[in-house]
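Take a look at the structure set out below.
The values are calculated or read from the model by the stated rules, or taken from the named source; none is laboratory data. What you see is a predicted model; the values in this text were computed from it and never measured. For neighbour counting, all protein chains shown are included, and Cβ atoms are generated from backbone atoms with ideal geometry for every residue, glycine included. These accessible areas exclude ligands, DNA and RNA; they are computed on the full protein's heavy atoms, side chains included. Shrake-Rupley method; radii C 1.70, N 1.55, O 1.52, S 1.80 Å.
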Amino acid sequence: MTTTPHVNADADTLAARLEEARRDYADLLGKGLSLDLSRGKPSLRQLDLSAELLRLPGDRYTAADGTDCRNYGAPNGLLELREIFAEFLQVPVDQLLAAGNSSLELMHDCLIYALIGKLPGATRRWADEERVALLCPTPGYDRHFELCERLGIEMIPVPLTAEGPDLDLVESLVAADPGIKGIWCMPKYSNPDGTCYSDETVRRLAAMPTAAPDFRILWDDAYAVHHLTDEEVTVPDVLAACAEAGNPDRAFVFGSTSKITFAGSGVAFFGSSPANVAWLRSYSGKRSIGPDKVNQLRHALFLKDADGLREHMRRHRALLRPKFDAVLRIFDEELRETGLATWSTPKGGYFVALNVPDGCAREVVRRAAEAGLVLTPAGATHPYREDPQDNVIRIGPSYPELAEVEQIISGVAVCVRLVGYEKLAAEQN
Ligand SMILES: Cc1ncc(COP(=O)(O)O)c(C=O)c1O
């Protein structure tokens, strides 16, 4: 969560600042940069941390319980890998599936199966409903939104607060509208502003009355173990909270190793109530005879156990932290006194959310692109790519080398000053 920027300057000061920003922007253009900060991918050095995976499982192919990973079988995925992740994703191991290479794919499949077949607790298939809508806390993850758009699922934005989605609003919407079938949630180190859900948020989400009997919390725990500080944030166990509140089937938990080992060549997980797991398996078991257990074995051998995973994530943190520190330091040095921007200070995850004056985000991204700095398109953080205030920019510093991150962020700060002062000057005239 960030706060709204605020500027206080008289006309002369403003004119001088605009002049300076124009000079700095001309210098930036003169540098002929070509740098890309548009996606939050692991860097090459982060990928190298998992290089051993390329040599595993070697000539070994037997899982701990004797399963031959070369063959069909173990449709729920390898037990030893599920055991490692059960603790972090807060899912009992027998309710946790280790699946394919992408959690987004699992989210897609769950939505498709809810459309074409009845969810536990549903009176009919979503495809037979007059309207299917999901609440979308914003700013949020563009691919969640694109998925909804592609499947014809209506998106209703709700603001994200420092504690999670605005629960007063969420509760009133879901209580009144049976067309609202669920809510996207990124409970820890949310993409893009790093928000972590409070205990109260989880409790209320689990307990709130919903007009839809088949309401689902789509709990995308993509950054469950991706800490950037010593404070390893914990968020309450959503499945337990739902069960305690008498809504055992309310939450679908998703996670993956995409930003732990190899992005796109890792293992994805699904966890939920026994009824939901059986429901998903009734479809996924028809779609595929079983997951890639050789890859799962490779991951289990590499990570070893929960402590092995913790240790591995500390190595990621050592590579990521200096980049996040650089972003925050440069914003602080270049922008704090201007009052033109505020930004999130995440304790984990992959992103910083930069808030610029209303109506300026697209223009900042455009000016940055002109200077050879590719940022995530403004609007991507909102449903239908429409940020009504046009003020949020997602900053993902993981991929470029540190020196490049510094160059890009300094350039972004110049663009924020240029566009922000241009707007203020226009308003004064
Ligand atoms: C919140 C969130 N969920 C899911 C994903 C994608 O995960 P996967 O690679 O497991 O599909 C990402 C990737 O950036 C993400 O930020």
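Report yes if some residue within segment 197-207 is farther than 16 Å from ASN247 by Cβ, open to solvent by 50 Å² or more (accessible area, probe 1.4 Å) and assigned to a loop (DSSP other than H, G, I, E, B); otherwise report no.
no
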Selection count, segment 351-379, where residues are buried (at least 19 other Cβ atoms within 10 Å of the Cβ) and closer than 18 Å to PRO400 by Cβ: 9
Condition broken by VAL235, with the remaining ones in (1) under 17 Å from the mean Cα position of the chain (by Cα); (2) in contact (Cβ under 8 Å) with a residue 60 or more places away in the chain satisfied: (2)
Residue match in segment 350-369 (condition: more than 26 Å from ALA9 (Cα to Cα), more than 16 Å from the ligand (Cβ to nearest atom), in contact (Cβ under 8 Å) with a residue 12 or more places away in the chain and among the hydroxyl-bearing types (Ser, Thr, Tyr)): no
Every residue from segment 380-419 that is open to solvent by less than 10 Å² (accessible area, probe 1.4 Å) and either among the acidic types (Asp, Glu) or modelled with pLDDT under 95 (or both): ASP387
Pairs with Cβ under 7 Å, 6+ apart, first in segment 114-141 and touching a residue at least 12 places away in the same chain (Cβ under 8 Å), second among the small types (Gly, Ala, Ser) and buried (at least 20 other Cβ atoms within 10 Å of the Cβ): TRP126/ALA114; LEU134/GLY182; PRO139/ALA353
Exclusive hit being within 16 Å of the ligand (Cβ to nearest atom) and surrounded by fewer than 16 Cβ atoms within 10 Å (Cβ to Cβ), set GLY308, GLY264, GLY285: GLY264
Where LEU147 falls short, out of the listed (1) touching a residue at least 24 places away in the same chain (Cβ under 8 Å); (2) more than 16 Å from the ligand (Cβ to nearest atom); (3) not in a strand (DSSP E or B): (2)
Residue in segment 94-111 that is assigned to a helix (DSSP H, G or I), modelled with pLDDT of 95 or more and more than 21 Å from ARG281 (Cβ to Cβ) present: no
Criterion violated by PRO377 - all others in (1) closer than 21 Å to SER190 by Cβ; (2) of a type outside the set (Asp, Glu); (3) touching an Asp or Glu at 6+ places or on another chain (Cβ under 8 Å) satisfied: (3)
Verdict on ILE153 being under 22 Å from LEU280 (Cβ atoms) and open to solvent by 50 Å² or more (accessible area, probe 1.4 Å): no
Residue within segment 312-327 that is touching a Pro at 6+ places or on another chain (Cβ under 7 Å), open to solvent by less than 30 Å² (accessible area, probe 1.4 Å) and under 18 Å from GLU232 (Cβ atoms) present: yes
Residue match in segment 178-198 (condition: in contact with an Asp or Glu (Cβ under 8 Å, 6 or more places away or on another chain), away from the ligand (no atom under 16 Å from the Cβ) and closer than 25 Å to GLN90 by Cα): yes
Qualifying residue in segment 200-215 (condition: under 18 Å from the mean Cα position of the chain (by Cα) and within 16 Å of the ligand (Cβ to nearest atom)): no
Segment 63-96, residues that are under 26 Å from VAL202 (Cβ atoms), of a type in the set (D, E, K, R) and open to solvent by 50 Å² or more (accessible area, probe 1.4 Å): GLU83, GLU87, ASP94
Considering residues of segment 91-117 that are out of contact with any strand residue (DSSP E or B) (no Cβ under 8 Å at 6 or more places or on another chain) and among the charged types (D, E, K, R) only, the residue farthest from ARG131 (Cα to Cα): ASP94
